[in-house]
1. Would you confirm, using the coordinates I've provided, whether residue C:128 is surrounded by fewer than 24 Cβ atoms within 10 Å (Cβ to Cβ), within 15 Å of the chain's Cα centre (by Cα) and within 19 Å of residue C:171 (Cα to Cα)?
2. Do we have any residue at all in the stretch A:184-203 that's of a type outside the set (S, T, N, Q), within 14 Å of chain B (Cβ to nearest Cβ) and assigned to a loop (DSSP other than H, G, I, E, B)?
3. What's the number of the only condition in (1) facing another protein chain (nearest Cβ under 8 Å); (2) closer than 30 Å to residue B:277 by Cα; (3) of a type in the set (S, T, N, Q) that residue B:41 fails to meet?
4. What pairs come out if I take residues in the stretch B:106-118 that are closer than 13 Å to residue B:76 by Cβ and touching a residue at least 24 places away in the same chain (Cβ under 8 Å) and pair them with residues that are of a type in the set (Ser, Thr, Tyr) and in a helix (DSSP H, G or I) whose C-beta lies under 8 Å away, six or more apart or interchain?
5. Where residues in the stretch B:19-31 are more than 10 Å from chain A (Cβ to nearest Cβ) and either more than 13 Å from residue B:97 (Cα to Cα) or not aliphatic (A, V, I, L, M) (or both), which of them is surrounded by the fewest Cβ atoms within 10 Å (Cβ to Cβ)?
6. How many residues does the stretch B:50-103 contain that are assigned to a loop (DSSP other than H, G, I, E, B), closer than 25 Å to residue B:222 by Cβ, open to solvent by 30 Å² or more (accessible area, probe 1.4 Å) and free of Cβ contacts under 8 Å to residues at least 60 places away in the same chain?
7. Does residue A:10 satisfy the condition of being open to solvent by less than 10 Å² (accessible area, probe 1.4 Å), small (Gly, Ala, Ser) and more than 14 Å from chain C (Cβ to nearest Cβ)?
8. List the number of the failed condition for residue B:269; all other conditions in (1) more than 14 Å from every other protein chain (Cβ to nearest Cβ); (2) at positive phi hold.
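The values are calculated or read from the model by the stated rules, or taken from the named source; none is laboratory data. Note that this is a predicted model, so its numbers are computed, not measured. Cβ placement follows ideal geometry from the backbone for every residue including glycine, while neighbour counts extend to all protein chains displayed. For accessibility, only protein heavy atoms count, side chains too; no ligands or nucleic acids. Shrake-Rupley method; radii C 1.70, N 1.55, O 1.52, S 1.80 Å.
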Amino acid sequence: MIEKNQIKAAVAAAAHKVRETNPMAGSITNTVTIDFVANAQLAVGGSAAMVYLPDEGEALVAAGNAVYLNMGTLFPIYEQTIPATAKAAHDAGKAWVLDPVGLGIGSLRTKLLEELKPYKPTIVRGNASEIIALASLWDLLGAEDALDRPRGVDTTDGVDAAREAAVALARYTGGAVVVSGEVDLVTDGTTVVRSHGGSELMSKITGCGCSQGGVLAVYATCADAFTAAVAGTSHYNLAGTRAAAVATAPASFKVTFIDELYRATGEEIAANPMSVEEA
Amino acid sequence: MIEKNQIKAAVAAAAHKVRETNPMAGSITNTVTIDFVANAQLAVGGSAAMVYLPDEGEALVAAGNAVYLNMGTLFPIYEQTIPATAKAAHDAGKAWVLDPVGLGIGSLRTKLLEELKPYKPTIVRGNASEIIALASLWDLLGAEDALDRPRGVDTTDGVDAAREAAVALARYTGGAVVVSGEVDLVTDGTTVVRSHGGSELMSKITGCGCSQGGVLAVYATCADAFTAAVAGTSHYNLAGTRAAAVATAPASFKVTFIDELYRATGEEIAANPMSVEEA
Amino acid sequence: MIEKNQIKAAVAAAAHKVRETNPMAGSITNTVTIDFVANAQLAVGGSAAMVYLPDEGEALVAAGNAVYLNMGTLFPIYEQTIPATAKAAHDAGKAWVLDPVGLGIGSLRTKLLEELKPYKPTIVRGNASEIIALASLWDLLGAEDALDRPRGVDTTDGVDAAREAAVALARYTGGAVVVSGEVDLVTDGTTVVRSHGGSELMSKITGCGCSQGGVLAVYATCADAFTAAVAGTSHYNLAGTRAAAVATAPASFKVTFIDELYRATGEEIAANPMSVEEA
């Protein structure tokens, strides 16, 4: 288990490095929240590029240190683009972040997620239902945990319901897993961090989860999987807490939230409340 | 003809039910305003999911009580997705909302709208030109009304020019039709409601029409077609009026508008000015 | 060389004409910033329509006086849509604006840009790296300038590095070229305008370049290429300067920026600081 002070120091260092180096993290992401993903990546200090075609996904892998794959709105070409990009990242030893949003809607989504298993995502981010469904799809759960219940975009389980699934996923990938909820859970399979803060208004705008995935990829260009996962999660919770202190309705909250992503310093991000426990 | 008090009571009840049940209304919608559609659906109390593939459209029909089909930006796969989704909704007896935006641009749009006729949309929303063009395409106008003039995204006719077309459409579908204009017109083929309010700034931002379509689908999960159509239209006019009271330029207006969608109560929505007449 | 006063008078006239006539400029543009493009076009006084299919691109050419082609996020169908639309504009003698964003990512982008050469874009807009790469791809540079270095979305060269490339491009097309940078450079191959203003925050939000391209197309419906290029560039720099006077973080800056696009008068746009020199 990693000590809290050690985690916080690594988070602050990662945030500083992102701000200093302006790293590019390319994305293949859904069209609903693609603008939010890009603007969040820029606000935290990174840069963004989004593509749809297979060889363009491979080019983004070559051009940066991490890519983000979000399954929100699948196009037919994604049958090629998603596996090609994940494979390119895996083969090049570069980081990639997976958001398995909408698992259970249609057949292509399930097929693609099955194909992605051998490419072991550096960070997986989802709500509890999605994390459980992915661990189940990848046969990582004991018989009693495998609920075999694919879910859509809804969040219906608390993060504790997904603790075992998250740990199992992280142990399989050798990376980190972020479970988004009222309190977020981050694990590398050994240590579990619970990250506090945020706001209920984050569920009243679309794309907090998607854009956090893009931010995790930005952090993954500059830090190990677990540090990147905690940093991106802490950064989001801090900005959510601060935005909710001034905004009372969703659209003004979103504007303030992105502004607060931009304003937060490495020290402030590291100081966002967290608890640490063994997995 | 339905009495005004009866309409207002049904509108307030629909708004309360949406806020209590957080219903999902899936969408196949254009990429220009897709983020606005989702955020408006969330602001009024619903939830959102957007897809592009045929079996995913069918899955959204199965997962909720209403879907929204907006023809703004057609992809090649829509040749399958749009009819498959409309058919699935029709066959399941679920509500679906059609926005025939851009009718007259290119050949696929016209072909798809012709195919959709037998699936009788629960609510059709468009500006006057689009409503006239759709009624004409579906051969629902008398010879003197059939102007045979497909139009693009421009609004060039007042809602009264589309009154006959709207009534004819509603009588054919058995549902409701919303004609957007300076004063909006809503009809079920028997009663005509004119809904007042809104702001000129709504035409200075993109997506008020599209996002209203998504909101109509949210309401259609919880209410009959006519009530849903009046509720979504009243909700939009109220938020537009309120936003225009504080914002004087389009981008700050949009932020305030979404905030006001979120803040409006069922009683306030029902109290938005309307007049009622026989069709 | 055109005199500064003459340029300023033409810019003010173009801005007035846009506000009076609300001209439509259709776009085939990327999904990341498509909402920003449309809202910017509306804010400056134009109207917007976005499509993806080849015959719809041709329909937008027929329906307006200018179209905008932005290569940011290519779909497979763009292999047909982009050349068909550029050819339609060229053959009809209508204006079209090219943003060669992401040149160097993947193979289709390069292939399409090669195909576009004979259709001579009325205005090309890009950062220094993109303008150099395009002039190089089109064999318009002397041997010493042809750096043969395709680039992604990053801005790494100052506008002066692209001065020769911009002049060469403008002489080839017979139109105008805008190089975006800290100070923007606009040329018709004979006169060079340097346009001042803007804000560093413009690089902290996604889409200032893309949306400026859409605005250039709106201006190109009402003015010659050089006037349109200077008008759209001056309008952007003025709004950026003003927004930075009140906003200190990116998301609130974006809202204020679009509001200031809307508020700026023709005289104010013409008065934005510029210097003029021979090419």
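1. yes
2. No.
3. (1)
4. B:108/B:78; B:112/B:78
5. Restricting to residues being more than 10 Å from chain A (Cβ to nearest Cβ) and either more than 13 Å from residue B:97 (Cα to Cα) or not aliphatic (A, V, I, L, M) (or both), the top hit is B:20.
6. The qualifying residues number 2.
7. Details: open to solvent by less than 10 Å² (accessible area, probe 1.4 Å): no; small (Gly, Ala, Ser): yes; more than 14 Å from chain C (Cβ to nearest Cβ): yes.
No.
8. (2)
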